[in-house]
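Q: Let me begin by handing over the structure; questions about it come next.
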Amino acid sequence: MRITGVELRRVALPLVAPFRTSFGTETVRDALLLRVVTDDGEGWGECVADSDPRYSSEYVDGCRDVLTRHFLPALGGDPGLRAWDVERRLAPFKGHPMAKAAIEMAVLDLRLRETATSLTDFLGGVAEAVPAGVSVGIMDSIPELLDAVDGYLSQGYVRIKLKIEPGWDVEPVRAVRERFGDALALQVDANTAYRLADARHLARLDPFDLLLIEQPLPEDDLRGHAALARRLSTPMCLDESIVSARAAADAIALGATSIVNIKPGRVGGYLEARRVHDVCAANGVAVWCGGMLETGVGRAANLALAALPNFTLPGDTSASARYYARDITAPFVLEADGRVRVPTGPGLGAAPLPDALAEYTTETTWVPFG
Ligand code: SMG
Ligand code: MG
């Protein structure tokens with residue numbers, strides 16, 4: 001069916017608790033949703049950029065601008081557009097992977113709904129449900145952190161990731177390990193907050209038998225990560241540095257990463273995310289699905305991806321209630337076995353509920369196609 005236009009909808013969803021990382025604190029998820037419309041159908045996409053360019057250089061206002069000013073006009077001449085056309089037509093534009101991924105996701109949802117195919121079947125997913133980890137923000141005190149971790153474990157989460165930064169690393173990790181025992185699957189994420197000169201300090205995390213340390217150094221420092229990996233027994237995992245399948249291949253070849261966090265927004269879409277998965281699988285490198293505090297729209301798509309066979313570690317694919325009192329889609333729930341079900345309906349298998357969407361929408365823009 002011919003695409004008639006694209007609606008950009010900005011939503012503001014309050015988080016159930018502030019989420020603090022080494023680069024800032026978030027209390028509300030300011031997200032951009034895209035709805036691609038035909039005469040008798042639609043498809044939804046979510047842009048994972050934050051309000052501020054702190055996780056990466058992208059941010060919501062910038063994504064809306066590049067989409068309306070450059071990307072949608074470049075796609076507008078092709079109302080029969082499919083996901084791979086989006087990728088090909090936007091390739092000449094440098095950067096902006098999160099904005100590109102959002103429109104690719106919406107077109108994927110639209111076209112897969114037209115053929116009653118689920119995203120997970122399209123991508124090659126094999127799991128019906130995926131084990132859920134939870135990412136725990138930096139807290140004001142260790143007792144507060146222990147309470148938070150305790151709460152998540154009693155809900156059934158199977159893996160804990162602690163956000164770390166200089167001044168909040170060895171002691172919180174020690175406290176969590178001592179309180180919850182050796183069997184707890186535990187990992188840390190620094191979001192680029194350290195430098196190679198901190199290697200000796202970071203080696204103090206080694207005795208705690210972590211699954212991995214995620215992105216301790218700046219995103220363009222692959223050599224630094226390789227050097228640090230040689231000095232730590234904790235496995236190195238890259239997030240921000242892995243911007244494409246090629247970057248993943250380079251990082252693996254350099255010895256800069258032995259596990260990879262895959263976020264479709266960071267690599268420009270689900271088609272590229274699958275290539276990252278495949279490159280890692282071919283090199284015997286395990287992957288897991290990262291998270292960007294997605295609403296149910298992006299969460300549905302991440303779960304579809306996380307069902308692929310090389311996603312062998314639990315992801316940051318928590319249930320909706322970990323983030324939102326009310327999601328904009330039907331909520332994703334944590335099953336008794338610590339897993340979240342992969343949607344099987346056509347396309348993403350999830351769409352915004354009109355009431356919730358109306359409640360949280362802060363801005364709507366309609367861009368006609370063609
Ligand atoms: O969606 O559960 C989630 C968040 C997981 O820690 C998480 N994401 O670097 O991996 C990461 C961060 C980036 C987003 S922080 C606002
Ligand atoms: Mg990370």
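The values are calculated or read from the model by the stated rules, or taken from the named source; none is laboratory data. Just so it is clear, the structure is predicted and the values come from calculations on it, not from any experiment. Cβ: placed from backbone, ideal geometry, glycine included. Neighbour counts: every protein chain shown. Just the protein is used for accessible areas: all its heavy atoms, side chains included, with ligands, DNA and RNA removed. Shrake-Rupley method; radii C 1.70, N 1.55, O 1.52, S 1.80 Å.
Q: Output the number of the condition that Pro346 fails; it satisfies all remaining conditions of (1) more than 16 Å from ligand 1 (Cβ to nearest atom); (2) crowded, with 24+ Cβ neighbours inside 10 Å.
A: (2)
Q: Same structure again: Considering only residues of region 297-334 that are over 15 Å from Lys263 (Cα atoms), in contact with a Leu (Cβ under 9 Å, 6 or more places away or on another chain) and not in a loop (DSSP other than H, G, I, E, B), which is farthest from ligand 1 (Cβ to nearest atom)?
A: Ala321
Q: Further question on the same structure: Would you mind stating whether Ile242 is over 21 Å from Pro166 (Cβ atoms) and not basic (Lys, Arg)?
A: Taking the combined requirement at face value, the residue satisfies it.
Q: Working only within region 26-37, note down all residues that are out of contact with any helix residue (DSSP H, G or I) (no Cβ under 7 Å at 6 or more places or on another chain), open to solvent by 10 Å² or more (accessible area, probe 1.4 Å) and in contact (Cβ under 8 Å) with a residue 40 or more places away in the chain.
A: Listed by number, the list holds a single entry, Glu26.
Q: Is it the case, given these coordinates, that Glu46 is touching a residue at least 60 places away in the same chain (Cβ under 8 Å), charged (D, E, K, R) and either touching a Cys at 6+ places or on another chain (Cβ under 6 Å) or surrounded by fewer than 21 Cβ atoms within 10 Å (Cβ to Cβ) (or both)?
A: no
Q: How many residues, within region 286-310, are within 21 Å of Asp250 (Cβ to Cβ) and open to solvent by 10 Å² or more (accessible area, probe 1.4 Å)?
A: Residues meeting the conditions: 2.
Q: Now for a different question. What's the total number of residues in region 65-124 that are of a type in the set (S, T, N, Q) and buried (at least 17 other Cβ atoms within 10 Å of the Cβ)?
A: 2
Q: Kindly provide the set of residues from region 42-60 that are under 24 Å from Pro218 (Cβ atoms) and more than 13 Å from the chain's Cα centre (by Cα), ordered by number.
A: Ser51, Asp52, Pro53, Arg54, Ser57, Glu58, Tyr59, Val60
Q: Can I ask one more? Quick one: is Leu254 more than 18 Å from Gln215 (Cβ to Cβ) and away from ligand 2 (no atom under 16 Å from the Cβ)?
A: No: the conditions fail for Leu254.
Q: Tell me the residue from Ala286, Ala304, Ala273, Ala251 that is more than 30 Å from Arg230 (Cα to Cα) and touching a strand residue (DSSP E or B) at 6+ places or on another chain (Cβ under 8 Å), please.
A: From the options Ala286, Ala304, Ala273, Ala251, the qualifying one is Ala304.
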